[in-house]
Each structure stands twice: as structure tokens, then as C-alpha cells.
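Novice: Dumping the structure here so I can ask a few things about it.
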Amino acid sequence: MSRDPSNIAGDVVAYVFDENGFYTRLANRAIDKVPWTSSVRYRKHGLCVCLNNVAKGLDPGTYAKYAQQPLRAGLILVGCPKFLAEVLSAASAFGIKQILGTLPHAQLYKTLRVMIPLVCPDLDVCPARQDVVKTYASPVLAEELKQFVASLR
């Protein structure tokens, strides 16, 4: 991510990749929860593609329909596998707030996209790379991510 600083905004990489930070812990939980029976499917870029597809599924129209659903149910309805929906909806991941109903959809899709390099075995050839780089190129991304994490406390 940091090899091409012209495309990647300032301190966002350091913030997202902080080994004790929220996003790294969330990505590690997602990796830990990949079902063993599905691990072959997710071993290469399956988890990257899954996160990116769920992010795409959170367009405003889809999000509006599911915003009143519990987070886990809403994520499953937009195509999120159950193991990942459980990770993203766990109170331990986000504190006591249920984010699907309280968070602008843009923030949730950004959260999913910034996780991709943390779970990806090789971002240079990742099918989600283009969407990830677009997300990381936002000049205000680091501040948005920091505000999001602060709002969960």
C-alpha cells in the first residue's frame, strides 16, 4: 500500500495497519473465523472478494432497506457469509453500538475495504485491488476512520 504514495493518502496506512489498532484486530477476527470447511475457498483472495462484494452491496438503496434489521441479518441479506456477519456484528468488535443502524453506509463500506489489505495474501494481484486503492486514495479517509472508531466507544 505504501509503495505508491501518490495514490495512497497520508497516514491512513499507518493507522489501519497499527498492529494493536481496531482494523487489524477486526481483520484478525475475520481470518480466525473463516470456517475450516471453507478455508480453501478463502485462502487465496476469497475473503478479499467477499469483503469487497459486501461493500458493493451496501449501496444507498440496499442499505436503506436493511438499516432497521439487526446488523447480522442486514449483512447476510446483502451477501455477507454468516461467519463474517458474526464477526462484524459482535459487540466485542464494535462496543455496544449496532453500526448498521447508526452509521452512514459509506463508513461501513470503507471499513470493509480498508480491511482487505490486512487479510489479502498478495494485493498486487488481488481482484479487489482497484476498489481498495480508490478507497485508500481519499484524502480524508484517515480522519473518517479515526472518527468512526472513536464513535464506537
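Novice: Please give every one of the aspartates and glutamates within straight-line cross-link reach of LYS56, meaning a C-alpha to C-alpha distance under 15 Å, and leave out same-chain neighbours fewer than 8 residues apart.
Specialist: ASP131
Novice: From the phi angles alone, apply the Karplus equation (6.51, -1.76, 1.60; θ = phi - 60°) to the range 118-132 and give each ³J(HN,Hα) in whole Hz, x where the residue is Gly or Pro.
Specialist: Working through the residues one at a time gives 6, 10, 7, x, 7, 5, 4, 10, 5, x, 9, 3, 4, 5, 5 Hz.
Novice: How much accessible surface area, in Å² rounded to 10, belongs to the heavy atoms of GLU86 with a 1.4 Å probe?
Specialist: Roll a 1.4 Å probe over it and GLU86 shows about 90 Å².
Novice: Ranked highest first by the average count of other Cβ atoms within 10 Å around their residues, in what order do 126-139, 13-26 fall?
Specialist: Result, highest mean Cβ count within 10 Å first: 126-139, 13-26.
Novice: Length gain on complete extension for the stretch VAL140 to THR24, per 0.36 nm per residue less the alpha carbon to alpha carbon distance?
Specialist: On the way: separation 116, 0.36 × 116 = 41.76 nm, distance 1.97 nm.
Difference between extended and current length: 39.8 nm.
Novice: As a test of reading the structure, rank ARG113, ARG29 by solvent-accessible area (1.4 Å probe, protein chains only), most first.
Specialist: The ranking, largest first, comes out as ARG29, ARG113.
Novice: What is the calculated FRET efficiency for ALA150 to ASN53, with r their C-beta to C-beta distance and R₀ = 35 Å, to the nearest 0.05?
Specialist: FRET efficiency, ALA150 to ASN53: 0.80.
The values are calculated or read from the model by the stated rules, or taken from the named source; none is laboratory data. Remember, it's a predicted structure, so these values are computed and weren't measured experimentally. Counting neighbours? That spans all protein chains shown, and the Cβs are built from the backbone with ideal geometry, glycine included. Keep in mind that these areas ignore ligands, DNA and RNA; they rest on the heavy atoms of the full protein, side chains included. Shrake-Rupley method; radii C 1.70, N 1.55, O 1.52, S 1.80 Å.
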